[in-house]
Amino acid sequence: MEIRFREVDPFNCWIWMRFSHPLGHGERGYVETVFDSWFFLGKLGGFNAETLQLHEEAADLSWLVVDEEEAQQALPALMHNMGPLELQGEWARCWVDMGTSDVFALDVLLNALRQLNKDVVEIEEVVVGGINEDWPIEEQPDSLFPQLEDE
């Protein structure tokens, strides 16, 4: 699975995936579940790098004391919105407004897609950001920051 990044706007980000074949109904369900799960975690503030106390402790978590006051002082890191998974041939895309969630949210998504690639459906490539010339994008009605059109 090849992963590429183009211009990334976290408030208006398309995530593109090219599969080895058009998705069947079951495969589509798995991909949608990955995106829905990822989004709900982000919507609930799960991707907040300011509160990664366990990660920073490394391997030994025995008897760790979590500093709840430190966690409460962190700024919120919430995803705002996500569109439905769209399919066109062997391509799929999903629009997301990642809001103030930290970029490690993309690491989590890519990890899940890597495992999906191994276990369920072959993903040829994932492209984060930008647009595909042969599949025009529409303005997202749920975007908090719509793109300004040239006047």
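Computed from the coordinates by the stated procedures, all read-outs in this text should not be read as laboratory data. What you see is a predicted model, and the numbers here were worked out from it, not measured in a lab. A quick note on method: Cβ atoms are made from the backbone with ideal geometry, for glycine too, and the neighbour counts reach across all protein chains shown.
Odds and ends about this structure:
- Projecting label points 7 angstrom from Cα along Cα→Cβ for residue 100 and residue 2 puts them 3.8 nm apart.
- q = 0.13, 0.16, 0.23 Å⁻¹: log10 I(q)/I(0) that the Debye formula gives for the stretch 1-83, counting C-alpha atoms only: -0.66, -0.88, -1.18
- Taking every alpha-carbon pair within the stretch 36-104, the share separated by more than 19 Å comes to 48 percent.
- Here the peptides 73-80, 38-45 are ranked by packing, the mean other Cβ count within 10 Å, and the order with the highest first is 38-45, 73-80.
- Computed over the stretch 24-110, relative contact order equals 34 percent, with contacts defined as Cα pairs under 8 Å that lie 6+ residues apart.
- The simple Förster model, with R0 at 35 Å and r as the Cβ-Cβ distance, assigns residue 59 and residue 9 a FRET efficiency of 0.45.
- Relative contact order of the chain, taken over Cα pairs closer than 8 Å and 6 or more residues apart, is 45 percent.
- Alpha-carbon gyration tensor eigenvalues x 5, square-rooted, for the stretch 1-44, Å: 21, 18, 8
- Rounded FRET efficiency, nearest 0.05, which uses the C-beta distance separating residue 66 from residue 124 and R0 of 35 Å: 0.30
- Distant-in-sequence amide H partners of residue 82 (H built 1.01 Å from N, under 5 Å): 97
- On Cα atoms only, tilt of 104-119 relative to the major axis of the chain in degrees: 60
- Normalising by residue count, the chain has a Cα convex hull of 136 Å³ per residue.
- Cα-centre dipole for the chain with unit charges at Cβ (Lys and Arg positive, Asp and Glu negative), debye to 20: 520
- Highest average first, the peptides 12-23, 95-106 ordered by how many other beta carbon atoms sit within 10 Å of their residues are 95-106, 12-23.
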